[in-house]
Amino acid sequence: MTKATLPFTRPTLDEETIQGVVEVLRSGWLASGAMVAQFEGALSQYLGGRPVRTMTSATAALEIALQACGIGSGDEVITPALSFAATANVIVRVGAHPVFVDVDLDTRNIDLDQVEAAISPRTRAIMPVHFAGLPVDLDRLYALAQRHDLRVIEDAAHAIGSSWKGRRIGSSGDLVCFSFHPNKNMTTIEGGAISGGSAQELAAIEHQRFHGLVKTAPDCFDVLVAAGKANLSDVAARVGIGQLPHLDRFNDKRRRLAQRYLECWHGDCALHLPARGDEGHSWHIFAPLLPLERLRISRLDFVTAMQERAIAIGVHYPAIHLFSAYRELGYRQGQFPNAERIGRETVTLPLFPGMEVDDVDTVVEAVNEVLGEALQ
Ligand SMILES: *Cc1c(COP(=O)(O)O)cnc(C)c1O
């Protein structure tokens, strides 16, 4: 019998949550209702009492956050060249121009010196990413934003449960967007949320997530803006209600597993390891860089060799500016060397709360074996 492949991630759902979902399915109310309200309340409490609005995805949340800030045609938004494509796609979708800057090779986070240099009279916002759950320097980021009168929209898709100097990501700041996709640190199947926002932005967020609709009388409603639809279902929200109480435990486990990887490869190691961070790092992924220039094999060969050893490998992410849609905007190879190198060399090793330290040891052994044969 062949061994089941160890995935690079897998959601953890308990029986209580599954039973809770069944009850919602039997309740007669499936769309946004009491479960969404309860989930938003629980998230708000987790994030220090800030207003929280849920959405169908982080992609929707980021796009709605931009709209709520009034960002559109002619505006520029500064964002890292290394992230999931959604981070930049939403900027294009609202009609604004994504201005990429490079990232740090170790933290994978946006280089704030380069942000400063990229600011123009058209810049309206900065959209950083807390890559892999390692927070961006929020003190420097917000000082910079305030100096230039810019709004900050944090892509915190990797960072639910992360903290910066003891403050949870999303418990402060302008507009902070989370993802609850099944690959993220907690899930609602598909889902996302925005934490924060001024009173005016919150009203705009509510309009944008539900047709621009406001009730004007029990038998009447008005449509204030021709908006789309991105409200979470009660079924999805019930999954989130079951996940949130376990989030800190999930993240503790992620930290322990990441620690084990770092411990095993302490000192002499062919891989370029990611920055360690501190206890505020929630380790959404563990993604070292392959020493491709010293290897006789390609990344694809590495992935295949690991697959043969029943271990799945992910890639997070190719540099965004090299995608066709962004080359069309004029971006070229060579502009953001760190993002490009990470895009070429990165591999995501298995890391999820259902794994054990023994699984990490198995992965480390397999990686060492594959690299040992391939190093020249
Ligand atoms: C997953 C992810 C998104 C999009 O999240 P969805 O909930 O799938 O829309 C955005 N940004 C980053 C950095 C992500 O990893």
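For segment 119-243, dividing the convex hull volume of the Cα atoms by the residue count gives 138 Å³ per residue.
Given the C-alpha atoms of the chain, compute the convex hull and give its volume per residue in Å³.
Dividing the Cα hull volume of the chain by its residues yields 150 Å³.
Maximal additional length on extending the D278-S73 stretch stands at 69.9 nm, based on 0.36 nm per residue less the C-alpha distance. Given R0 = 30 Å, the distance between the Cβ atoms of R249 and R341 translates into a calculated FRET efficiency of 0.30.
When a/c reaches 1.5 or more, the comparison of a/b and b/c decides; with that in mind, is segment 170-224 rounded, prolate or oblate per its Cα gyration tensor? Oblate. Out of segment 330-376, which trypsin sites (Lys or Arg not before Pro) are coil in DSSP terms and have no more than 16 other C-beta atoms within 10 Å? Passing sites in segment 330-376 are R332. For the chain, the tally of Lys pairs with Cα-Cα distances below 27 Å comes to 7, considering only residues 8 or more apart or on different chains.
A Cβ-based charge dipole, computed about the Cα centre of segment 15-246 with Lys and Arg at +1 and Asp and Glu at -1, lands at about 320 debye.
Look at the alpha carbon pairs under 8 Å that are at least 6 residues apart: their mean separation over the length of segment 247-374 gives a relative contact order of 35 percent. Cα axis of helix 15-27 to longest principal axis of the chain: angle in degrees, 0 to 90, nearest 10? In the chain, helix 15-27 runs at an angle near 30 degrees to the longest axis.
Determine which residues of segment 219-241 fall in the zone a paramagnetic label at R26 would reach in this model, i.e. backbone nitrogen under 20 Å from the point 7 Å along Cα→Cβ. So the set is 234-241.
Note on segment 264-315: dipole from Cβ charges, positive end direction compared against I297, Q307, C264; the farthest Cα belongs to I297.
The length gained on full extension between L202 and L300, counted as 0.36 nm times the residue separation minus their Cα-Cα distance, comes to 30.8 nm.
Of the residues N89, Q208, C220, the one whose Cα sits farthest towards the positive end of the charge dipole of segment 15-246 is C220 (charges of +1 on Lys and Arg Cβ, -1 on Asp and Glu Cβ, taken about the Cα centre). For trypsin sites (Lys or Arg not before Pro), the sites in segment 141-197 that DSSP calls loop and that have at most 14 other Cβ atoms within 10 Å are K165.
Taking Cα centre as origin and charging only the Cβ of basic (Lys, Arg, +1) and acidic (Asp, Glu, -1) residues, the dipole magnitude of segment 260-376 rounds to 700 debye. Using a 1.4 Å probe on the protein chains only, how many percent of the accessible area of the chain belongs to carbon and sulfur? Summing carbon and sulfur atoms, their accessible area is 52 percent of the total for the chain.
Over the chain, Cα pairs under 8 Å with separation of 6+ residues give a relative contact order of 22 percent.
Principal-axis analysis of the Cα atoms of the chain puts helix 357-374 at an angle of about 50° to the longest axis.
Ordered from largest to smallest accessible area (heavy atoms of protein chains, 1.4 Å probe), the residues E116, E190, E154 come out as E190, E116, E154. Computed from Cα atoms, the angle from the helix 234-243 axis to the main principal axis of the chain rounds to 50 degrees.
Once the Cβ-Cβ distance between D113 and D149 is put in as r, and R0 is 22 Å, what FRET efficiency do you end up with, to the nearest 0.05? Efficiency for this residue pair is about 0.70. In plain terms, the chain from L262 to R167 could stretch by 31.7 nm, reckoned as 0.36 nm per residue minus the Cα-Cα distance. In this calculation the C-beta distance from L329 to Y142 is compared with R0 = 41 Å, giving a FRET efficiency of 0.90.
Shape of segment 247-374 from the C-alpha gyration tensor: oblate (a/c of 1.5 or more and a/b not above b/c, with a ≥ b ≥ c the square roots of its eigenvalues).
Which value, in Å², gives the accessible area per residue of segment 15-246 when a 1.4 Å probe is used on the protein heavy atoms? Write out the running numbers ahead of the final one.
Values: 9170 Å² over 232 residues.
Each residue of segment 15-246 exposes 40 Å² on average to a 1.4 Å probe.
Label reach from L375 (point 7 Å along Cα→C-beta): in segment 236-272, amide nitrogens under 11 Å belong to 268-271. Taking GluC sites (Glu not before Pro) across segment 286-365, the ones in a DSSP loop with at most 11 further Cβ atoms lying within 10 angstrom of their Cβ are E328.
The values are calculated or read from the model by the stated rules, or taken from the named source; none is laboratory data. Note that the structure is predicted; figures quoted are calculated from it, not measured. Glycine gets a Cβ as well: all are built from the backbone with ideal geometry, and neighbour counts include every protein chain shown. Heads up: the accessible areas ignore ligands, DNA and RNA and are worked out on the full protein's heavy atoms, side chains in. Shrake-Rupley method; radii C 1.70, N 1.55, O 1.52, S 1.80 Å.
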